[in-house]
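Data block below; observations after.
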Amino acid sequence: GQQVMQIPQYQHVQEGEDFTTYCNSSTTLSNIQWYKQRPGGHPVFLIQLVKSGEVKKQKRLTFQFGEAKKNSSLHITATQTTDVGTYFCHAMDSNYQLIWGAGTKLIIKP
Amino acid sequence: DAGVTQSPTHLIKTRGQQVTLRCSPKSGHDTVSWYQQALGQGPQFIFQYYEEEERQRGNFPDRFSGHQFPNYSSELNVNALLLGDSALYLCASSLKGGGRAYEQYFGPGTRLTVT
């Protein structure tokens with residue numbers, strides 16, 4: 001079935017550095033959502049993007065949806081220890097099928 | 001306002017047995033989706049229920065079945081358990097968007113261990 005490729009699998013950063021995760025699809029997506037899952041927790045909804053080229057910001061988090069609606073990114077500026085977790089993209093394709101990225105784990109170096 | 005609840009929180013079963021997991025959606029939500037999440041992996045979509053019918057299904061065998069009740073709560077049943085079924089089972093509720101985007105609220109999950 002269709003997949004959304006999410007990269008990187010892991011990202012190690014020093015506290016205060018930036019973090020970015022990307023999701024890429026070979027076909028057009030109807031919408032894309034981003035979720036955060038803390039260690040031992042469950043996914044928590046962050047944002048939803050629907051429009052081509054859409055950019056949304058939540059404090060230090062910036063979310064983008066590509067012009068072709070085939071890719072998306074989540075960027076965190078000046079990471080904090082509270083940002084630790086795994087970030088997942090979740091999309092609905094043009095056939096309304098639900099697909100998830102494999103996640104990017106954000107690790108803050110001690 | 002209660003969020004999504006799941007029961008039980010943990011479960012240990014033996015290969016070949018059957019298991020039933022339960023989920024109550026967030027108040028006001030009418031759609032329930034079930035996911036399997038293996039350790040260190042992303043959620044894998046099992047199926048979605050709306051109006052007491054299975055509306056979408058992921059790539060899971062018929063051993064996985066479900067039900068939605070008139071009060072929107074849902075059950076996930078797994079028959080003939082295999083060791084590979086050991087995972088965290090997540091329930092997520094949402095409002096049916098009729099093809100529109102919708103956000104999902106997840107429950108805490110049921111940790112199933114098959115021995």
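The values are calculated or read from the model by the stated rules, or taken from the named source; none is laboratory data. Since the model is a prediction, treat every value here as computed from it, not as a measurement. FYI the Cβ positions are ideal-geometry reconstructions off the backbone, even for glycines, and counts take in every protein chain you see. The protein model used for the area step is the full one, side chains on, heavy atoms only, and it has no ligands, DNA or RNA in it. Shrake-Rupley method; radii C 1.70, N 1.55, O 1.52, S 1.80 Å.
Quick notes on this one:
- Of all the listed residues (B:74, B:65, B:86), the sole one being in contact with a strand residue (DSSP E or B) (Cβ under 7 Å, 6 or more places away or on another chain), crowded, with 21+ Cβ neighbours inside 10 Å and modelled with pLDDT of 95 or more is B:74.
- Among (1) surrounded by fewer than 16 Cβ atoms within 10 Å (Cβ to Cβ); (2) over 11 Å from the mean Cα position of the chain (by Cα); (3) not polar (S, T, N, Q) - the single one residue A:7 does not satisfy: (2)
- Residues of the range A:61-85 that are more than 16 Å from residue A:108 (Cα to Cα) and either outside any strand (DSSP E or B) or of a type in the set (Phe, Trp, Tyr) (or both): A:63, A:65, A:66, A:67, A:68, A:69, A:70.
- Filter pass, residue A:62 being surrounded by fewer than 18 Cβ atoms within 10 Å (Cβ to Cβ), at pLDDT 95 or above and either β-branched (Val, Ile, Thr) or under 17 Å from residue B:102 (Cα atoms) (or both): yes
- Selection count where residues are small (Gly, Ala, Ser), open to solvent by less than 30 Å² (accessible area, probe 1.4 Å) and at pLDDT below 95, scope the range A:66-102: 2
- Counting only residues that are loosely packed, with under 13 Cβ neighbours inside 10 Å and in contact with a His (Cβ under 9 Å, 6 or more places away or on another chain), the range A:19-54 holds 0 of them.
- Hits in the range B:24-55 - residues which are open to solvent by 70 Å² or more (accessible area, probe 1.4 Å) and acidic (Asp, Glu): B:51, B:52, B:53, B:54
- Conditions (1) more than 10 Å from chain B (Cβ to nearest Cβ); (2) in a loop (DSSP other than H, G, I, E, B); number of the one not met by residue A:41: (1)
- Against the numbered list (1) of a type in the set (Val, Ile, Thr); (2) part of a strand (DSSP E or B); (3) over 11 Å from the mean Cα position of the chain (by Cα), residue A:27 comes up short only at (2).
- Only one of the numbered conditions (1) within 13 Å of another protein chain (Cβ to nearest Cβ); (2) assigned to a strand (DSSP E or B); (3) touching a residue at least 40 places away in the same chain (Cβ under 8 Å) is violated by residue A:48, and that is (3).
- Of the residues B:11, B:21, the single one that is open to solvent by less than 20 Å² (accessible area, probe 1.4 Å) and either farther than 25 Å from residue A:50 by Cβ or more than 13 Å from chain A (Cβ to nearest Cβ) (or both) is B:21.
- Of all the criteria given as (1) free of Cβ contacts under 8 Å to residues at least 60 places away in the same chain; (2) more than 20 Å from residue A:101 (Cβ to Cβ); (3) under 14 Å from the mean Cα position of the chain (by Cα), the one not satisfied by residue B:45 is (2).
- Selection of the range B:28-87 for residues being of a type outside the set (Asp, Glu), in a strand (DSSP E or B) and more than 14 Å from every other protein chain (Cβ to nearest Cβ) yields B:64, B:65, B:66, B:67, B:68, B:74, B:76, B:77, B:78.
- Conditions (1) within 14 Å of the chain's Cα centre (by Cα); (2) over 18 Å from residue B:70 (Cβ atoms); (3) not hydroxyl-bearing (Ser, Thr, Tyr): number failed by residue B:13: (1)
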